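Below is one structure, written out as C-alpha cells; the observations come after it.
What follows is calculated from the coordinates using simple rules that are stated; it is not laboratory data. Quick caveat: nothing in here was measured; it's all calculated off a predicted structure. Cβ sites come from the backbone with ideal geometry, for glycine too, and all protein chains shown count toward neighbours.
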Amino acid sequence: MMSLLEHRDRILKNIFKPAFKTSGFSVSGTTFKKQENGFIKIFNIQSSGFNVEDHVSFYLNIGLLFPIGFEIKNEQHPKNPKGYDCQFNIRSDSLTGRNQTYELTSKTNIQELENLLLSDIQKEILPFYERYSTIEDCIMLNNEFPNSWTDCRPFIGLTMIKNGNIERGDQILNEFLPTTSEDWKQEIIEFRKTLN
C-alpha cells in the first residue's frame with residue numbers, strides 16, 4: 001500500500017508535470033518555470049513543514065519573476081528560482097477562493113483530490129499564466145490583485161524600456177513614481193539612467 005508521501009509524489013508526476021509541460025514549462029523537482037520576454041513564470045509545490053506519516057499537505061505557489069528587479073540591486077537572479085524569489089507571488093487560494101492547503105490523510109478520497117487539483121490547474125492556474133503572456137499584460141496585475149504586497153509596475157516599466165519600448169515604459173514609471181517612497185523612487189530613477 002502506498003504511503004501518503006508516495007501518493008503526493010505520484011500526483012506530482014501524473015497530474016502536475018504533464019499539465020505544465022504541455023503549457024511549455026520546464027520542471028526541476030517541485031518547481032516549474034517558463035521564460036517569457038522580460039519575465040519568468042514560476043509555479044512551485046510547497047510541502048508543509050508539519051507533514052507526518054498520516055497527514056501530508058502542500059500549497060501551490062504562483063509567481064512572476066522580473067529579472068530586472070535583481071539588476072536594480074546589482075544581483076544575479078536565482079538560476080532555479082522559487083516562489084519566494086518572485087516579485088509577484090500568490091497562492092492558489094487567490095485564484096480558487098478556497099482554502100490554500102491540499103491535504104492527504106487516511107480518509108482522503110485520492111480520486112476526488114486528483115480531480116480537484118486537475119480542475120484547479122486547468123480552470124484557474126494555467127489560465128492565470130496565459131493571461132500574462134507578455135510584459136505589457138503584466139500591467140493588469142494591479143487590477144486583478146489590488147492587495148498584492150508588491151507593485152510590479154517599476155519592473156514592468158524598466159523591462160519595457162530595456163526592450164526598446166521606451167515611451168510606454170516611461171509612461172508606466174511616471175505613473176508609479178509619485179506613489180512610492182523617496183528612496184525607492186531615486187533607486188528606480190538612477191537605474192533608469194543606465195538603460196539609455
Which entry in (i) 62, 31, 29; (ii) 134, 26, 21; (iii) 64, 45, 31 is this structure's computed Cα extents along the principal axes in Å? (i)
Rounded to the nearest 10 degrees, what's the angle between the helix 153-162 long axis and the longest principal axis of the chain, both from Cα atoms, 0 to 90? 60
Filter the chymotrypsin sites (Phe, Trp or Tyr not before Pro) in the stretch 47-124 down to the DSSP loop ones having no more than 13 other Cβ atoms within 10 Å, then list what survives. Phe50
Give the residue from Ile45, Leu141, Ser26 lying farthest towards the positive end of the charge dipole for the chain; charges sit on Cβ (+1 for Lys and Arg, -1 for Asp and Glu) and the dipole is referred to the Cα centre. Ser26
Exposure proxy check on Ser106, Ser28: fewest-to-most Cβ neighbours within 10 Å is Ser106, Ser28
To the nearest Å, what is the center-to-center distance of the stretch 1-61 and the stretch 62-133, using C-alpha atoms only? 9
Please determine, in degrees from 0 to 90 and to the nearest 10, the orientation of helix 110-120 with respect to the longest principal axis defined by the Cα atoms of the chain, where the helix direction is its Cα long axis. 20
Which residues make up the longest stretch of the chain clear of trypsin sites (Lys or Arg not before Pro) that lie in a DSSP loop with no more than 14 other Cβ atoms within 10 Å, not counting the sites? 108-196
Which angle between 0 and 90 degrees, to the nearest 10, do you get for helix 166-176 versus the longest principal axis of the chain when only C-alpha atoms count? 80
Given the -39500 (n - 2.57) contribution per DSSP H run of 4+ residues, what per-residue ellipticity at 222 nm results for the chain, rounded to the nearest 500 deg cm²/dmol? -10500 deg cm²/dmol
Added length on full extension, which subtracts the Cα-Cα distance from 0.36 nm per residue, Ser26 to Ile166: 47.3 nm
Structure shown: which of Lys73/Lys123; Lys33/Lys107; Lys34/Lys162; Lys34/Lys107; Lys21/Lys123; Lys21/Lys73 lie over 25 Å apart, alpha-carbon to alpha-carbon? Lys73/Lys123; Lys33/Lys107; Lys34/Lys107; Lys21/Lys73
Which of Phe43, Phe20 has the fewest other C-beta atoms within 10 Å, and how do the rest follow up to the most? Phe20, Phe43
How much length would be gained if the chain were fully extended between Asn143 and Lys17, taking 0.36 nm per residue of separation minus their Cα-Cα distance, in nm to one decimal? 42.4 nm
Determine the gain in length on full extension of the stretch Arg10-Asp54; use 0.36 nm per residue of separation and subtract their C-alpha separation, reporting nm with one decimal. 14.2 nm
Using the crude model of +1 on Lys and Arg Cβ and -1 on Asp and Glu Cβ, and no other charge, please compute the dipole size for the chain relative to its Cα centre, in debye to 20. 500
Among rounded, prolate and oblate, which fits the stretch 140-194 when a ≥ b ≥ c are the square roots of the eigenvalues of its C-alpha gyration tensor, a/c under 1.5 means rounded, and a/b larger than b/c means prolate? oblate
